[in-house]
Structure formats: C-alpha cells, structure tokens
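Take a look at the structure below.
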C-alpha cells in the first residue's frame, strides 16, 4: 500500500485569497498529492517585525472558511500550538513524528526556494524534506543545488494579501479576489479598515 502524500503550504494568510486556493489545488493535482494542508503561521517572523499581523486564531478561521467544502484541501493549526516564531523545520518534524506513515512535502514559491539555504536549520531541512516549487512566469533565479526539489507550474494570478488589505482599508471591492465566506468574516470583525 502506498503512503499518503500530503503537501504543506505554509503562510500568513492575512487574509487568504483565491490565489492561495488555486496554488493549493493545482499543486495537489500536478504533484499527485492526496491532500494539501494550508499551514497557518503562528508568528511569521519574516513579516511580524515589519507590520502588524492579524491574530493567528482569526487567520486560521479565515482559512477554514475559505476551504469550507473544498475537496482535499485542509486548514492546519500545528504552528498555533507552540508560541513564538514559526519555522518549517519544526513544523515538519512535529508532523513527521505524529504521522510517520505520511510522506510530507513542503510547497514553496520559486522566490522562497531560491533562499532555502538561509532558512532555519537549512541543513536538516535539506535532508529531511521534499520541496514542491511553484514556478512563476519569468523566474530566472537559479534554484539551490542538492535539495530534493520538484517543480510544478500553476496559473499565475497577481493577487496579494498586501493589496487586499489596502483595498479593504480604502473601501475598494475585493469581490472575486477572496471567497465570500472570508469577505464576510473580515467585515464582521472590522479588520483591515483604517482607523484614522
């Protein structure tokens, strides 16, 4: 019997949008994964030093709302169980220890893959994980040698959480850029609105 294959797509998801869903679904199909889990970062240390981050429980609730009814896509709260910064190595080690029968892969964008040697415990990650690298049109940077990398292509959608937060703050529509369920949560919580 073959091992279950699950891909981990980590992120801040502040807020989650259809670009995240398209990547998760397309990578699942292209890489032959059984499931893709969207792993919500507790403390996304690369971002939290530069801007306010919505509390993790709300970001998780938005991901769960976005994935409601989605086949083979799931929200994952493993990084919310530990305080402090979220590191891919720790997340992977926790999941591998809890479910050693699963073959886990980390899903990263091409830009992130270029920087893999700078990641926390990079040498350990290099030998313990398969990475599925999502190609973006026009990517020219060379991927690091010696890593277990599989490259897949997905439709390019120019949607970013940064732009969505700005749109919400300035009252511009985000319809069709985010699932309606997420739009409803954002509105009910009043997050991302300008307060001045």
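Things to note:
- Residue count, region 56-74 (criterion: at pLDDT 95 or above and within 22 Å of residue 32 (Cβ to Cβ)): 4
- Residues being closer than 30 Å to residue 130 by Cα and either assigned to a loop (DSSP other than H, G, I, E, B) or in contact (Cβ under 8 Å) with a residue 24 or more places away in the chain (or both) - total across region 152-176: 10
- Taken over region 31-42, the criterion of being at pLDDT below 95 and either within 19 Å of residue 115 (Cβ to Cβ) or surrounded by fewer than 16 Cβ atoms within 10 Å (Cβ to Cβ) (or both) is satisfied by 41 alone.
- Some residue of region 103-113 being in a loop (DSSP other than H, G, I, E, B) and either out of contact with any strand residue (DSSP E or B) (no Cβ under 9 Å at 6 or more places or on another chain) or without any contact (Cβ under 8 Å) to a residue 60 or more places away in the chain (or both): no
- Residue within region 122-133 that is in contact (Cβ under 8 Å) with a residue 60 or more places away in the chain and over 19 Å from residue 66 (Cα atoms) present: yes
- In region 8-24, the residues that are under 19 Å from residue 133 (Cα atoms) reach residues that are part of a helix (DSSP H, G or I) with C-beta atoms within less than 6 angstrom, at least six apart or across chains, in these pairs: 9/24; 12/47; 13/59; 13/63.
- Across region 120-157, the qualifying residues are those that are at pLDDT 90 or above and on the phi > 0 side of the Ramachandran plot, and the one among them that is surrounded by the fewest Cβ atoms within 10 Å (Cβ to Cβ) is 146.
The values are calculated or read from the model by the stated rules, or taken from the named source; none is laboratory data. All values reported here derive from a predicted model rather than from experimental measurement. Backbone-built Cβ (ideal geometry, glycine too); neighbour counts: all protein chains shown.
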